Amino acid sequence: MEQFILPTLGGLLIGIASVLLLATLGRVAGISGIVWGAIAAPDRHWRWLFLIGLVAGTALMHITTGIAIPAEHTDAPLLLITLAGVLVGLGTRIGNGCTSGHGICGLGRLSVRSLVATSVFMATGVITVAVVRHLFGSIV
Amino acid sequence: MRAWLALLMGLVFGAGLSLSGMTSTVKVLGFLDVLGDWDPDLAFVMGGALLVSLSATPWIITWVRPLLADAFSLPATQSIDRRLITGGALFGVGWGLWGYCPGPAVASLAYGYQSTLIFCVAMVLGMWLAGKLHLITSRLND
């Protein structure tokens with residue numbers, strides 16, 4: 001039971017940040033959209049500050065709580081990490097969102113489009129892990 | 001004021017991600033390993049976030065305008081088309097290969113791992129590539 005407490009608390013914080021961003025600035029807290037917007041949109045200022053906050057919030061959380069920093073996957077091939085990154089970037093821009101934009105904000109406003117997107121990326125994520133781990137044997 | 005609020009929301013979002021376990025690729029891959037040795041913990045992240053989002057968002061979007069901006073910037077697209085499915089599918093494969101979706105990937109830059117930086121650069125490259133290949137319909141309008 002105990003192992004569910006931190007994920008739930010973390011989820012509540014993520015939800016609160018998303019809802020407050022919408023209530024104050026009227027923006028969807030979709031991180032893929034914010035990342036691309038920070039590079040390509042005319043109104044970049046708030047996006048960069050949000051992303052800096054994302055990194056700083058993570059650092060502060062580990063410093064203040066003493067929760068161990070997750071270990072790095074040093075045994076994964078560079079090509080795999082690069083391919084994963086390109087696919088995430090490509091997919092989130094083509095599909096207009098990621099886990100936060102579709103999964104939390106989109107579902108929160110009862111968007112059928114986001115429900116479909118979330119179901120699709122959850123499904124292909126599960127299939128990918130199954131194929132990599134159980135068909136080819138673990139590479140990560 | 002608007003900018004500082006964005007920083008504050010980023011801080012809370014990042015704190016939530018790292019507290020929840022989403023910044024651990026091991027944890028995420030364990031969560032996605034439904035057909036193997038499934039680690040269900042991260043379902044509670046989605047649960048907690050959706051609890052807040054589902055209770056407040058439908059009400060907030062009925063407001064005439066947000067508290068500190070002229071209008072809501074919500075996605076206008078409603079259609080469920082091939083791009084949505086294709087994009088979602090590609091994103092899921094990338095997520096399952098390494099264990100990072102965009103939020104945790106950016107947040108994890110705090111750990112200073114070279115692999116995270118490579119992932120983030122590749123992710124931006126993928127986003128740029130989507131535009132170059134004319135695979136997108138949405139426009140950044142502001």
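I'm told A:Ser114 meets every condition in (1) crowded, with 16+ Cβ neighbours inside 10 Å; (2) at the interface with chain B (Cβ under 7 Å from one of its Cβ atoms); (3) more than 21 Å from B:Gly14 (Cα to Cα) except one. Can you identify the failing condition by its number?
Exception for A:Ser114: condition (2).
Those residues that are buried (at least 24 other Cβ atoms within 10 Å of the Cβ) and among the small types (Gly, Ala, Ser), I need them from the stretch A:1-33; list them, please.
Answer for the stretch A:1-33, where residues must be buried (at least 24 other Cβ atoms within 10 Å of the Cβ) and among the small types (Gly, Ala, Ser): A:Gly10, A:Gly11, A:Gly15, A:Ala17, A:Ser18, A:Ala29, A:Gly30, A:Ser32, A:Gly33.
Which count do you get for residues in the stretch B:7-30 that are assigned to a helix (DSSP H, G or I) and buried (at least 24 other Cβ atoms within 10 Å of the Cβ)?
14
Between residues in the stretch A:72-91 that are facing chain B (nearest Cβ under 7 Å) and among the charged types (D, E, K, R) and residues that are part of a helix (DSSP H, G or I) and buried (at least 17 other Cβ atoms within 10 Å of the Cβ), which pairs lie under 9 Å by C-beta distance while being six or more apart or on different chains?
A:Glu72/B:Thr25; A:Glu72/B:Tyr111; A:Glu72/B:Ser115; A:Glu72/B:Thr116
Just the residues that are without any contact (Cβ under 8 Å) to a residue 40 or more places away in the chain and of a type in the set (A, V, I, L, M, F, W, C), please, taken from the stretch B:1-17. Walk me through how you get there before you give the answer.
Step one: of the stretch B:1-17, the residues without any contact (Cβ under 8 Å) to a residue 40 or more places away in the chain are B:3-4, B:6-12, B:15-16.
Residues satisfying the conditions are B:Ala3, B:Trp4, B:Ala6, B:Leu7, B:Leu8, B:Met9, B:Leu11, B:Val12, B:Ala15.
Determine if the stretch A:41-64 includes at least one residue that is out of contact with any Cys (no Cβ under 6 Å at 6 or more places or on another chain), in contact (Cβ under 8 Å) with a residue 60 or more places away in the chain and under 23 Å from B:Gly99 (Cα atoms). Even if it seems obvious, please write down each step before you answer.
Pass one, the stretch A:41-64, residues out of contact with any Cys (no Cβ under 6 Å at 6 or more places or on another chain): A:41-64.
Retained after the next criterion (residues that are in contact (Cβ under 8 Å) with a residue 60 or more places away in the chain): none.
Within the stretch A:41-64 (the criterion being out of contact with any Cys (no Cβ under 6 Å at 6 or more places or on another chain), in contact (Cβ under 8 Å) with a residue 60 or more places away in the chain and under 23 Å from B:Gly99 (Cα atoms)), the answer is no, since none of the residues qualifies.
Given the residues B:Thr62, B:Thr57, which is the only one that is hydroxyl-bearing (Ser, Thr, Tyr), crowded, with 19+ Cβ neighbours inside 10 Å and either facing chain A (nearest Cβ under 7 Å) or assigned to a loop (DSSP other than H, G, I, E, B) (or both)? Don't jump to the end; show me each part of the working.
Working: B:Thr62 fails: crowded, with 19+ Cβ neighbours inside 10 Å.
Going through B:Thr62, B:Thr57 in turn, just one is hydroxyl-bearing (Ser, Thr, Tyr), crowded, with 19+ Cβ neighbours inside 10 Å and either facing chain A (nearest Cβ under 7 Å) or assigned to a loop (DSSP other than H, G, I, E, B) (or both): B:Thr57.
List the number of the failed condition for A:Leu21; all other conditions in (1) in contact with a strand residue (DSSP E or B) (Cβ under 9 Å, 6 or more places away or on another chain); (2) facing another protein chain (nearest Cβ under 7 Å); (3) under 18 Å from B:Gly88 (Cα atoms) hold.
Of the numbered conditions (1) in contact with a strand residue (DSSP E or B) (Cβ under 9 Å, 6 or more places away or on another chain); (2) facing another protein chain (nearest Cβ under 7 Å); (3) under 18 Å from B:Gly88 (Cα atoms), the odd one out for A:Leu21 is (3).
So if I check each of B:Ala69, B:Ala107, B:Ala122, which one is over 17 Å from the mean Cα position of the chain (by Cα), under 26 Å from A:Val55 (Cβ atoms) and surrounded by 13 or more Cβ atoms within 10 Å (Cβ to Cβ)?
B:Ala69
Which residue pairs have Cβ atoms closer than 6 Å, lie 6 or more positions apart in sequence or on different chains, and pair a first residue in the stretch B:60-71 that is in contact (Cβ under 8 Å) with a residue 60 or more places away in the chain with a second residue that is in a loop (DSSP other than H, G, I, E, B)?
Note: pairs meeting the criteria are B:Ala69/A:Gly26.
When A:Gly53 is evaluated against the numbered criteria (1) closer than 16 Å to B:Gly126 by Cβ; (2) within 16 Å of the chain's Cα centre (by Cα); (3) at pLDDT 95 or above, which criterion, by number, is the only one it fails?
Of the numbered conditions (1) closer than 16 Å to B:Gly126 by Cβ; (2) within 16 Å of the chain's Cα centre (by Cα); (3) at pLDDT 95 or above, the odd one out for A:Gly53 is (1).
The values are calculated or read from the model by the stated rules, or taken from the named source; none is laboratory data. What you see is a predicted model; the values in this text were computed from it and never measured. When we count neighbours, we look across all protein chains shown, and the Cβ atoms used for this are built from the backbone with ideal geometry, even at glycine.
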